[in-house]
Amino acid sequence: MGKPTGFLEKDRIPATKRPVSERILDYKEIELLPSISETETQASRCMDCGTPFCHNGCPLGNIIPEFNDAVYEGNWKYAYEILSTTNNFPEFTGRICPAPCESSCVLGINKPPVTIELIEKSIIEKAYAEGWVIPNIPAKRTNKKVAVIGSGPAGLAAAAQLNKAGHQVTVFERADQIGGLLRYGIPDFKLDKSTIDRRVNIMTQEGIEFKTNTTIGKDIKIKQLQDDFDAILVSTGSTTPRMINIPGSDAKGIYPAMEFLSQQNKRNANIPLEVNHKGEKYSNDNILATSKNVVVIGGGDTGSDCVGTSNRHKAKSITQIEVMPKPPISRAENTPWPNWPNMLRTSTSHEEGAERFWSISLQEFVKDENGNLKGLIIGDIVLENIEGKIEQKITNIREIPCELALVAAGFLHTDHNDLIEELKLNQVELDERGNVKANHLYQTESQKVFAAGDARRGQSLVVWAISEGREVARNIDKFLMHETKLEGKIVSSFDLN
Ligand SMILES: Cc1cc2nc3c(=O)[nH]c(=O)nc-3n(C[C@H](O)[C@H](O)[C@H](O)COP(=O)(O)OP(=O)(O)OC[C@H]3O[C@@H](n4cnc5c(N)ncnc54)[C@H](O)[C@@H]3O)c2cc1C
Ligand code: SF4
């Protein structure tokens with residue numbers, strides 16, 4: 001333990017954010033990197049607990065007390081080495097992870113927890129700046145070939161690990177850029193896309209081949225991959241949106257959140273808006289919130305990203321509605337430490353301005369005479385106790401103005417497309433939610449075919465995708481070589497979808 005009294009002497013100082021008035025004028029990252037000395041001070045708050053719950057809370061099993069200690073001691077290179085044994089991409093998790101490790105930090109019982117996520121980001125940025133992140137080319141090749149379908153964090157983590165084991169890896173991606181939802185879901189103001197390019201460049205030098213604009217199932221059939229490769233990983237994500245089927249849902253002006261978000265990431269990168277994140281033609285190639293009354297349907301993170309993007313478009317008004325009741329301001333009693341807390345979350349996008357309403361039932365989309373969306377009919381959901389039975393009533397039914405509705409009501413399953421149809425013919429099954437079914441070794445019913453990330457577990461988090469990518473790589477390596485030296489997860493963690 002670096003400084004036994006650190007947590008008594010120093011307060012938690014979270015990341016400094018750019019002022020709202022400045023940041024809503026551009027799409028640059030909101031959070032600034034602290035100085036080296038500030039990060040070392042924050043790391044001194046870690047108590048090096050005998051039982052470090054932070055480590056258990058992290059789906060990757062990051063060895064947090066050790067890297068905190070190394071940072072406090074000023075031994076940044078050692079901190080980077082510790083961090084990179086469990087996490088292939090700390091530059092992503094250090095920016096956008098909801099940090100379950102911090103929710104389970106022991107210090108969090110009666111004080112603000114250690115700023116673990118920010119320390120992680122500082123370590124990896126220092127490592128890049130110092131030139132410590134270099135291509136790690138495997139000393140020996142195995143002559144085994146693995147095809148990875150999908151270049152999100154699950155596919156990328158698996159590719160990195162399998163390449164490290166000496167296999168020849170090809171990553172196939174239907175979109176025009178590598179990165180999955182890191183590239184075309186998460187806004188640039190949360191994750192600058194140069195962080196993806198920087199990593200993909202290293203991975204390319206390590207010997208991984210990337211093929212974009214290639215849809216497996218359409219451009220290349222699974223049968224072909226089965227002939228050409230020794231193993232196949234399906235890491236295609238879970239991006240079929242849950243849409244809302246109520247009167248008026250054919251109005252012009254209602255879009256899935258991803259259509260809206262992916263367009264803005266493309267505009268920022270000066271990529272023509274020809275095809276969407278799925279490589280398909282956009283239903284409308286110019287979805288803009290400018291001067292419109294925007295309603296974001298869904299109170300989660302995707303909805304919050306729509307709020308931030310709408311503010312940058314200079315929307316007339318932004319309202320976010322959610323069917324669930326408003327969560328408590330602080331940790332709810334039914335999610336005590338060290339669990340992931342059920343509580344109200346105010347994102348950086350909410351700080352920039354939006355009206356938020358909970359317990360709202362969306363009844364109807366209202367169209368004008370030309371079929372354009374002009375309003376939403378909503379009502380408040382109230383629960384009434386009628387003779388001992390709880391019944392739901394909708395009250396205060398009203399119309400609110402809306403010319404752009406962004407549906408962020410969650411995702412159903414992986415896309416049921418040609419690839420899935422072909423896989424089904426090859427014994428691969430889907431689970432009851434419509435995702436790819438795989439056993440505890442991430443193997444499907446078709447021997448050579450494995451599945452990981454959102455395509456297997458449903459829409460989740462980047463940290464889980466990386467975790468599954470690493471685990472499936474171990475199992476593919478074992479399948480190919482009958483043994484594996486790839487690192488495995490040290491702990492089981494609290495499941496956080
Ligand atoms: C708007 C939004 C914001 C989010 N914000 C956060 C956040 O802040 N923090 C967080 O932790 N998580 C966040 N998430 C969730 C997170 O992005 C996902 O859980 C994660 O990206 C899943 O990784 P994956 O590799 O399994 O799949 P994806 O990232 O979905 O990648 C799958 C890839 O497979 C490709 N593909 C699919 N089918 C084919 C095919 N047939 N041929 C070739 N390629 C194919 C897709 O084009 C895609 O690139 C967010 C999600 C969304 C939608
Ligand atoms: S739980 Fe918190 S204080 Fe304890 S080792 Fe982990 S980061 Fe440090």
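The values are calculated or read from the model by the stated rules, or taken from the named source; none is laboratory data. On a predicted model such as this, the values are computed, not experimentally measured, just so you know. Glycine gets a Cβ as well: all are built from the backbone with ideal geometry, and neighbour counts include every protein chain shown. Side chains are part of the model used for accessible areas, which takes the heavy atoms of the whole protein and leaves out ligands, DNA and RNA. Shrake-Rupley method; radii C 1.70, N 1.55, O 1.52, S 1.80 Å.
Summary table below
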read-out: Lys pairs, the stretch 115-191 - Cα-Cα below 26 angstrom, 8 or more residues apart or on other chains; value: 7
read-out: Whole-Hz ³J(HN,Hα) from phi, Karplus 6.51 cos²θ - 1.76 cosθ + 1.60, for the stretch 21-31, glycine and proline x; value: 4, 7, 6, 6, 8, 8, 10, 6, 3, 7, 8
read-out: Heavy-atom accessible area order for 402, 49, largest first, 1.4 Å probe; value: 49, 402
read-out: Contact order relative to length of the chain, as percent, for alpha carbon pairs under 8 angstrom and 6 or more apart; value: 18 percent
read-out: Accessible area of the chain divided out per residue, in Å², using a probe of 1.4 angstrom; value: 44 Å²
read-out: Nearby lysines by direct alpha-carbon distance to residue 292 (threshold 20 angstrom, same-chain neighbours under 8 apart not counted); value: 252, 314, 316, 367, 374
read-out: Nonlocal amide H pairs with residue 296, under 5 Å, H built at 1.01 Å; value: 319, 320, 321, 406
read-out: Integer Hz, Karplus 6.51/-1.76/1.60 couplings in order for the stretch 305-311, x for Gly and Pro; value: 5, 5, 4, x, 6, 5, 4
read-out: Distance between the stretch 308-330 and the stretch 131-162 - C-alpha centres, whole angstrom; value: 39 Å
read-out: Contact order normalised by residue count of the stretch 12-117, Cα under 8 Å, 6+ apart, percent; value: 29 percent
read-out: Considering only the chain, percent of DSSP beta bridges that pair antiparallel, nearest 5; value: 45 percent
read-out: Compactness of the stretch 197-319, expressed as Rg and Dmax over alpha-carbon positions, Å; value: 18.2, 55
read-out: Listed peptides 419-430, 5-16, 250-261 by packing density, highest first (mean Cβ within 10 Å); value: 250-261, 419-430, 5-16
read-out: Within the chain, helix-based [θ] at 222 nm, where runs of 4 or more DSSP H residues each add -39,500 (n - 2.57), nearest 500; value: -9000 deg cm²/dmol
read-out: Share of carbon and sulfur in the accessible heavy-atom surface of the chain [1.4 Å probe, %]; value: 50 percent
read-out: Ordering of 390-397, 50-57 by burial proxy (mean other Cβ atoms within 10 Å per residue, highest first); value: 50-57, 390-397
read-out: Computed over the stretch 115-272: relative contact order in percent, which uses C-alpha pairs under 8 Å that are six or more apart; value: 28 percent
read-out: The stretch 363-370 - phi-based ³J(HN,Hα) in whole Hz, Karplus 6.51/-1.76/1.60, Gly and Pro as x; value: 9, 7, 8, 9, 10, 8, 5, 9
read-out: Mean Cβ neighbour count within 10 Å, used as a protection proxy, ranking 233-244, 149-160, 338-349, 308-319 highest first; value: 149-160, 233-244, 308-319, 338-349
read-out: For residue 215, residues with placed amide H under 5 Å, excluding near neighbours; value: 220
read-out: Cross-link reach list, aspartates and glutamates versus residue 211, counting only Cα pairs under 16 Å and skipping chain neighbours closer than eight places; value: 173, 176, 197, 219, 228
read-out: Solvent-free Debye scattering, log10 I(q)/I(0), computed from the Cα coordinates of the chain at q = 0.09 Å⁻¹; value: -0.66
read-out: Under 19 Å from residue 111, Cα to Cα: lysines that are on another chain or at least 8 residues apart; value: 3, 10
read-out: Largest to smallest accessible area among 130, 364 [probe 1.4 Å]; value: 130, 364
read-out: Tail weight of P(r) past 15 Å, computed on alpha-carbon pairs of the stretch 101-150, percent; value: 69 percent
